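Read the figures in this text as sums done on the coordinates, not as results from a lab. Everything quoted here is computed from the prediction, not taken from an experiment. Cβ atoms come from the backbone with ideal geometry, glycine included; neighbour counts cover every protein chain shown.
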Amino acid sequence: MAVNHAESPPRLVPGRLLAATHNKGKVEELKALFEPHGFNVVSALDLGLEEPEETEATFTGNALLKARAAMRACGLPALSDDSGLAVTALGGEPGIYSARWAGEPRDFYRAMQRVEDALKASGSADRSAKFVCALAVVWPDGQEAVFEGEVHGQLVWPPRGDRGFGYDPVFVATGETITFGEMDPERKHAMSHRAEAVKKLRATLLA
Ligand code: IMP
């Protein structure tokens, strides 16, 4: 689903693009997805921007909140990513709380274990899950656009592979046999929730 808040959002002109995220894994993926199109991706982490508290109830709401805060802080068009893992048997959890399930400091083995424990406690044999990504772009003149992508799959245990980030080692996309954690990053970038959202963004803002 693509949600365009602007009637006809402006084109995204190749140049400096602020990635409104402090997550190194996401910064790397956004660089890989945008730099081939002539963008120089700088991140909120590189610029030492403060990370706003994610107070919205949806991926789209939190993506907009982060992009607005970054755009206001430095006046550049800002791109943000809010994403997470939604597990069917857990009613969509951890969802927007995916990063928070890793605790502080972030420990994704702990987060994956928590998902596995919750699945066991649910008594459900359904191990289906999806990654969801909402990409928001906010321009200095206040225009905004949001694009969403999903990838469906199954959760495995124990975790496999040390590539990727977050919950990648427990997620096997539909039609695949290896986890995102075992997969060549280029292959993940071609099929991920983020790739689907980027594809929609490109078709609307870069066409
Ligand atoms: P947030 O969008 O910064 O709130 O964090 C989203 C969290 O979802 C990340 O910290 C990861 O744990 C998880 N996540 C999002 N995208 C991916 C992905 O592509 N692979 C694995 N985990 C992901």
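Observations on the structure shown:
- Using only side-chain charges placed at the Cβ, +1 for Lys and Arg and -1 for Asp and Glu, the dipole size of the chain relative to its Cα centre rounds to 260 debye.
- Between 0 and 90 degrees, the angle of helix 59-74 with respect to the longest Cα principal axis of the chain falls at about 40 degrees.
- Residue 109/residue 40 FRET efficiency (R0 41 Å; Cβ-Cβ; nearest 0.05): 0.75
- Radius 11 Å from Cβ of residue 41, net charge of other residues (Lys, Arg +1; Asp, Glu -1): -1
- Estimated distance in nm for a label pair at residue 203 and residue 160, the labels positioned 7 Å out from Cα along Cα-to-Cβ: 3.2 nm
- When the listed pairs 130/200; 120/199; 66/120; 31/120 are checked against a 26 Å cut-off, the alpha-carbon distance exceeds it for 120/199; 66/120; 31/120.
- Whole-angstrom gap from segment 19-66 to segment 72-130, using each part's C-alpha centre: 17 Å
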